[in-house]
Every structure is written in structure tokens, then in C-alpha cells.
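Each remark here refers to the structure printed beneath this line.
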Amino acid sequence: MANEFPENRERTANSRHANITSSLDLSTSLDHSVQTRIFKIIVIGDSNVGKTCLTFRFTGGAFPCKTEATIGVDFREKAVEIEGEKIKVQVWDTAGQERFRKSMVEHYYRNVHAVVFVYDVTKMASFQNLKTWIQECNGHGVSSSVPRVLVGNKCDLFDHIQVPSNTALKFADSHNMLLFETSAKDPKESQNVDSIFMCLACRLKAQKSLIYRDVEREDGRVRLTHPPDPKSTCPC
Amino acid sequence: MESWKSHVRAELFHRDCRQRDPFSGLFDKVSRLEEMLDFHIKLWQSSSKENSNSTCPNEGGTLYLRVNEVEFLNQQLKQKIADLTSNIYLKEAELQYCHSQVARYRTEAVLLAQGASCLKSDLEEYEYQLECQSKELTALRREHSTLTEEMATTKLQEEELLERWLEEKKQEAERINKHNATQERWQRLAGRLKKRYRGRSRLPPCVALAANTNNSSDSKPKQVEHLASSS
């Protein structure tokens, strides 16, 4: 019995040490797992408005020489860092032609985090069809809290512009969207293209932070785990 | 009527019937006789003025009439000769013109014959070409039908491939959506675990130790299970 005490003490110490080590491991692994979040952003619009080029410009940093009609969907990813957090922006480049998308529409809108509506500034019809795209988006139960942006592509074709900026701006305002007019082809507009997706990523990050706070409230502890950083690195 | 007169009359009638222009000889003769009669009357009148006292024509008068008649006939013949000569010149000119025309037409005929032979050879060539082309057309039609069939097969294959591709894309999209959902669920779970761990690490060491010793090994899975079920 006399020998049992030191043994017990030693065992307790060992178990404490093991607990601390396992807790540290758990903390590290949790930190690691929480690091990379995925934001699913879908890009929709009429065929031949430049959805593929836009997504390629954002993810690949270049303008594709030759593109063909997207069949179904193309997945593109880009890892970005916002306020020290690594985020994976998962861009779904959807097909514009009805025959290439009809069986996939449900998958586009499932758990989508943000929607990018694209139109061609040199084609009025593509702008007029935006209503249909928005209706389709709403019809698939995409919440109004899901951020949406409007992108007018092919701004480099100055002489052929059919959609005036004012009209597009009014439309974007009426649907509570941000408007970007850009060109995937023009290398000078590259930053503008990036800013479309980065802006969405920032908004999504801000939204997600709020959700986490809500989760904490549910636990009965109202506490901000991520105090706002005065030196914010958000590109918005 | 005397027989010789009726004979002459009948012969004349036959002749006139045979002629293209019936009775033209008679009319000519009558007009010539009338002409001669006028001439004789004129001569008679002029000679009667000169010899008003003589009542019947003598032999000299008959000669005079004869001479004048011959002269008149001579004049007429001269006129006729002149007319015929000019007519001959005219005919010669016409003949020359006809010769030139004949020569021209002959040249033209030669040229036309050459053209015809050329056209004939062309026609033969074209016929040969047509035959070749018709054969080629038949071959092309056959090829076209083969190609059309192949195209239909290819289109069918393309449709099938497209469907397969779409199906694969659909599956990929489903997989990615599932992965996203799992990732999101895991992150939420990991976030809660992390917060729970932080809250636990802030407790006084003795409480934490008691909690650790009480729960020792099975506490974490329970938490995980609890969180997983709540999420």
C-alpha cells in the first residue's frame, strides 16, 4: 500500500502530462483544420459573355487564347489570404448554353456562398436576360443574404458598347448588387477582375465571422474570439 | 370568116394562153401599131400643110413616109440599144456584186464550217467531260451518302459523349458539393471544439485536473459526438 501512493502520484502526473500533450496536439490540429475555408462562388450569365475568361483571369492571371463553350461546369480554385486567414475561393464557371447546363443547375446553387452575374456590355440582350438569371437564382432557394455582384465584361470594346453604365448601375442598385465593369482581356483591368472575387471573399469572411459569434452566443458565452484587427489587410 | 384567119386567131389564142402574161404580145403589137399610126398621122399632117393643094399621096410622099418611118424605127432602135447597153452595165455591176457576195458567202461558209467542226469537237469533248463528271458525281454521291451515315454515327457518338461528360461533371459537382459541406461541417465542429478547449484551459488548474481525471479518456469523443449531433 505504501508503494501505491508514489505510483498513483506518478500515474496522475503522467496522465496529467499526457492530457496536456494531447490537448496541445488537439489544439494544434484544430487550428490547422480551421485554417482553410472554402467559399463557393458561381459565375452565371448568357453564353459568350466571358464567364470562362473572367474566372481564368482571376485564377490563372491570364486571358485564355482560345475558349470553347463550357460543358456543364468548370471548377477553378484560388487560395487567397484575407486578414491573415487562408481562404480557398472555389469558382464554378457555369455553362451559358441551356443544353449544356439543364441537368446541372441544381448542383450550381447547392450551398452556394456568392453569385456573380455576368453580362456583355456590347450585347444588350445579355443584359436584358439578367432578369431571367436572377429569377432562376431565386427559384433555386438562394437566400437574399447570399452576396451577389453584377459584372459587365468586354469593356475594352469601347466602340461597341450597348449597355450604358447608368442603366447597369440602376439595375444593380434595384437588385441590391455591386456593379463592376471590367474586361478579362485587358491586362490593365486584371486587378479589377481580382477585386470582384476578393470583394466577395471579404464579404463572405465578414458574414462567416458573424455566424461564429452567433454560435458562441448559443453556448451562453458572449465573447468575441476574433477582436477586430486595427491593421486590417482586407483588400476591399 | 376565112379559115386562115380563124387558124391565126386560134394559134394566137393558144400562144397567149401559154404565155405567163396572157395577150401581152397583142397589147404590145397594138401599142406599137398605135405609136406608128400617131407617127404617120403627124407626118401626114406636116406633109399636108406643106403640100396643101395635092389631095392624094404620090410615090414621093410614100417614100418620104417610108424614110421617116425607118428613121423613127432607127431612133427607137438606138434608144433601145442605149437602154440595153446601160442595162448590160447594170447587170454586169449586179453580177460583180453577186460574185463578191458569193465570194463573201463562200468565205463565211468556210468559216462556219470550221466553226461547226470546232463546235463538233467541243461537243465531243463536252460529252466526254459530261460522262466523266457524271461518273464522278455518282462516286461523290456514294461518298456523300457514306459520309452522311458516318456523320450521323459521329453525331450520335458525340451526343453520347456529351451526355457522359455531363454525367461526369454532375458527379464531380456532387462530389465537390459534398466535400464542401463536409468541410464546412468539420470546420464548425472544429471551431466549437477549439472554443470548448479554450474555455477549459482558462479554468483553474485543480478544476481542470479534476475534470481531466474524471473524464480521462472518454471525454473527447463524447464532446465530439455531442457537438456532431448538435451540428
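The values are calculated or read from the model by the stated rules, or taken from the named source; none is laboratory data. Remember, predicted model here, so these are calculated numbers, not experimental data. All Cβ positions, even for glycine, are placed from backbone atoms using ideal geometry, and neighbour counts span all protein chains on display.
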*Find the residue count for the stretch A:169-211, including only residues that are outside any helix (DSSP H, G or I) and small (Gly, Ala, Ser).*
2
*Filter the stretch A:63-94 down to residues that are of a type in the set (Val, Ile, Thr) and under 16 Å from residue A:105 (Cβ atoms), then give me how many there are.*
4
*asked:* Restricting to the stretch A:63-76, count the residues that are touching a helix residue (DSSP H, G or I) at 6+ places or on another chain (Cβ under 7 Å) and over 16 Å from residue B:174 (Cα atoms).
replied: 5
_One residue from B:160, B:150 being away from chain A (no Cβ under 14 Å), charged (D, E, K, R) and exposed (fewer than 11 other Cβ atoms within 10 Å of the Cβ)_ = B:150
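Among the residues of the stretch A:42-58, write down those that are farther than 22 Å from residue B:174 by Cβ and not acidic (Asp, Glu).
Those that are farther than 22 Å from residue B:174 by Cβ and not acidic (Asp, Glu): A:45, A:47, A:48, A:49, A:50, A:53, A:54, A:56, A:57, A:58.
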_Any residue in the stretch B:69-95 that is touching a residue at least 24 places away in the same chain (Cβ under 8 Å) sitting within a Cβ distance under 6 Å of a residue that is assigned to a helix (DSSP H, G or I)? List the pairs, counting only those 6 or more apart or interchain._
B:72/B:39
*Scan (1) closer than 18 Å to residue A:44 by Cα; (2) buried (at least 18 other Cβ atoms within 10 Å of the Cβ) for the single condition residue A:202 breaks and write down its number.*
(1)
*asked:* Taking the conditions exactly as written (away from chain B (no Cβ under 14 Å) and touching a strand residue (DSSP E or B) at 6+ places or on another chain (Cβ under 9 Å)), does residue A:93 satisfy them or not?
replied: no
*Just checking, how many residues over the stretch B:6-39 are of a type in the set (S, T, N, Q) and either under 30 Å from residue B:71 (Cβ atoms) or touching a residue at least 60 places away in the same chain (Cβ under 8 Å) (or both)?*
2
*asked:* Of the conditions (1) within 11 Å of chain A (Cβ to nearest Cβ); (2) modelled with pLDDT of 95 or more, residue B:124 satisfies every one except a single condition; which number is it?
replied: (1)
